[in-house]
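Accompanying notes for the structure given below.
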Amino acid sequence: MPFTEEAHQRLAAIPNLTVSVHTPLSRYTRFGIGGPADLFAETADDQAFIEAIQTARALDVAVSVIGSGTNLIVSDDGFRGLVLRYRAANLDRHGTCVRAEAGAELQELVDFTIGRGLRGLETLAGIPGSVGAAIYGNAGAYGHSIAERVVQVRFYDGASIQTFANQDCHFQYRESIFKRHKEWVIFSTGLSLDPADGAALRKTADDIVRVRNEKFPVTMKCAGSIFKNLMLRDLPAQVASAVPATVIREGKVPSAYFLEQAGAKGMEHGGIRVATYHANLIYNAGGGTAAELCAVISELKRRVQSRFGIDLEEEVQFVM
Ligand SMILES: Cc1cc2nc3c(=O)[nH]c(=O)nc-3n(C[C@H](O)[C@H](O)[C@H](O)COP(=O)(O)OP(=O)(O)OC[C@H]3O[C@@H](n4cnc5c(N)ncnc54)[C@H](O)[C@@H]3O)c2cc1C
C-alpha cells in the first residue's frame, strides 16, 4: 500500500478528525499561494489532534501545523506530509479572566472581551488569524501585544499536555518559546483583563479597524508586514544615529524605513507586488507564486544588507 494511502487510512480511523488528501493549501493561505498537502486534517478535539500527530510520527510522516493562514508562505510544491489545523474555538469568561481555545479567531476574542466590558485586547482589533498563532507569534499592534494579558498557555509538547505560565512562554516582540519549538501545539490560553466601559473600548477598536482596513484592504492577498521591525539598540551605531527620531516607535525602527530607501515600494515580480504606499507590505496581485514571493523577499534582504549592513528577519512563517 502506498505510504500516503496507509497514513490516510489510519488518520481517517481517528474519531472527530476530518482528513483529506492532495489538498490545495492555496485555499488556506491569505496569499492564495501554496501547492497541495499530501494529507490535510482538522479537528476541534485535543485527543484527535494528538492521535493524528502520533500516527504521523509512527509512520515517519512530516507534520506542519497551521492556523488561519494569514502569516504563511507555502511552497508552490505544497507540503510532503500532514498539515494539521486545530479548530476548537470556545471562549469562556470568569470575572475578568477569559479562556480562549486556539482555533478561535483573534477578532472573535477581541469582540468577546469588548462585549463584556473587559479592557486589554482592544488594540489588537483587526489583526487577522487565530488565537493559537497570536500566542505563537505574540501578535500585537498600537504598542501592545497579546503577551501583556496572557496568564497561561495550554499546549501539547509532543509527549504530554503542559501548561506554561506567562514567564515560561518567553514572550518578546513577535516571539515566544513556541516559535522555537515548532512541534509544540497550542490548545488554549487564559487571559487576565480589566473592567472598563464597553462602549469606549468598542470605539477604540472600531477606530483602529478603520485605519487598518485602509492600509490592508480586506481582500488584499498578503501577510501584513513581511519583515519584523528592528530594535534601535541592536542596530550598528552609525546606522542608528542616522535614523530620524520621528521614525522610532517604542524603541523600534520600522523595517519599512530601510526598505523604502532600498527602493522597495512598487517593486514587481510576476504576480507579486510591493505596495506603493508601504515598503514592508508585499501582496499577490493575482497569479503570484511562492517562488516569486521568496525571490522578492531575498532581493529586499540583499538590498538592505548591502546598503545598511542590516539583516532583516521575516515575520512571515514558511511551510516548505
Ligand atoms: C492584513 C494583515 C495584517 C496583519 N497585521 C498584523 C499586526 O498588526 N500585528 C501582528 O502581530 N500580526 C499581524 N499580521 C500577521 C498575522 O495576522 C498574525 O501573524 C497572526 O497571528 C497569524 O494567525 P494565523 O492563524 O493566520 O496563523 P498562520 O498564518 O496559519 O500560522 C502562523 C504560524 O503560527 C503557527 N501556529 C498556528 N496555530 C498554532 C497553534 N495552535 N499552535 C502552535 N503554533 C501555531 C503556525 O505553525 C505558523 O508557524 C497581519 C496579517 C495580515 C494578513
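The values are calculated or read from the model by the stated rules, or taken from the named source; none is laboratory data. In this text the structure is predicted, and so the values were computed from the model without any measurement. Neighbour counts run over all protein chains shown; Cβ positions are idealised from the backbone, glycine included. Each accessible area value is taken on the protein alone, full model and side chains, heavy atoms only, with ligands, DNA and RNA left out. Shrake-Rupley method; radii C 1.70, N 1.55, O 1.52, S 1.80 Å.
Quick notes on this structure:
- Some residue of the range 179-197 being under 30 Å from residue 26 (Cα atoms), out of contact with any helix residue (DSSP H, G or I) (no Cβ under 9 Å at 6 or more places or on another chain) and among the aromatic types (Phe, Trp, Tyr): no
- Annotation: residue 112 fulfils all but one of (1) hydrophobic (A, V, I, L, M, F, W, C); (2) more than 8 Å from the ligand (Cβ to nearest atom); (3) touching a Gly at 6+ places or on another chain (Cβ under 9 Å); the unmet one is (3).
- Among the residues of the range 304-320, those identified as part of a loop (DSSP other than H, G, I, E, B) and either within 20 Å of the chain's Cα centre (by Cα) or not small (Gly, Ala, Ser) (or both) are 310, 311, 312, 313, 315, 316, 320.
- Those residues of the range 274-303 which are crowded, with 21+ Cβ neighbours inside 10 Å and either in contact with a helix residue (DSSP H, G or I) (Cβ under 7 Å, 6 or more places away or on another chain) or not in a helix (DSSP H, G or I) (or both), in sequence order: 274, 279, 280, 281, 282, 283, 284, 288, 300
- The residue pairs whose first member lies in the range 203-218 and is of a type in the set (A, V, I, L, M, F, W, C), whose second member is within 8 Å of the ligand (Cβ to nearest atom) and assigned to a loop (DSSP other than H, G, I, E, B), and whose beta carbons are closer than 6 Å, counting only pairs six or more residues apart or on different chains, are 208/126; 209/126.
- Note on the range 52-107: enclosed strands (runs of 3 or more DSSP E) holding 1 or more residues that are open to solvent by less than 10 Å² (accessible area, probe 1.4 Å), touching a Gly at 6+ places or on another chain (Cβ under 6 Å) and of a type outside the set (Gly, Ala, Ser) are 72-74.
- Contacts under 6 angstrom Cβ, first residue in the range 57-82 being among the aliphatic types (A, V, I, L, M), partner within 7 Å of the ligand (Cβ to nearest atom), 6 or more apart: 65/185; 72/317
- Only residues that are surrounded by fewer than 21 Cβ atoms within 10 Å (Cβ to Cβ), among the small types (Gly, Ala, Ser) and within 16 Å of the ligand (Cβ to nearest atom) were counted across the range 1-34, and they come to 2.
- Applying the criterion of being surrounded by 13 or more Cβ atoms within 10 Å (Cβ to Cβ) and among the small types (Gly, Ala, Ser) to the residues of the range 230-255, the residue that is farthest from the ligand (Cβ to nearest atom) is 240.
- Of all residues in the range 254-278, those being hydrophobic (A, V, I, L, M, F, W, C), under 24 Å from residue 172 (Cβ atoms) and under 21 Å from the mean Cα position of the chain (by Cα) number 1.
- Residue within the range 38-45 that is touching a Gly at 6+ places or on another chain (Cβ under 7 Å), among the hydroxyl-bearing types (Ser, Thr, Tyr) and either within 21 Å of residue 102 (Cα to Cα) or surrounded by fewer than 19 Cβ atoms within 10 Å (Cβ to Cβ) (or both) present: no
- Residue count, the range 250-264 (criterion: without any contact (Cβ under 8 Å) to a residue 40 or more places away in the chain and closer than 29 Å to residue 29 by Cβ): 6
- Taken together, 235, 191 contain a single residue that is of a type in the set (A, V, I, L, M, F, W, C), under 30 Å from residue 97 (Cα atoms) and in contact (Cβ under 8 Å) with a residue 24 or more places away in the chain, which is 191.
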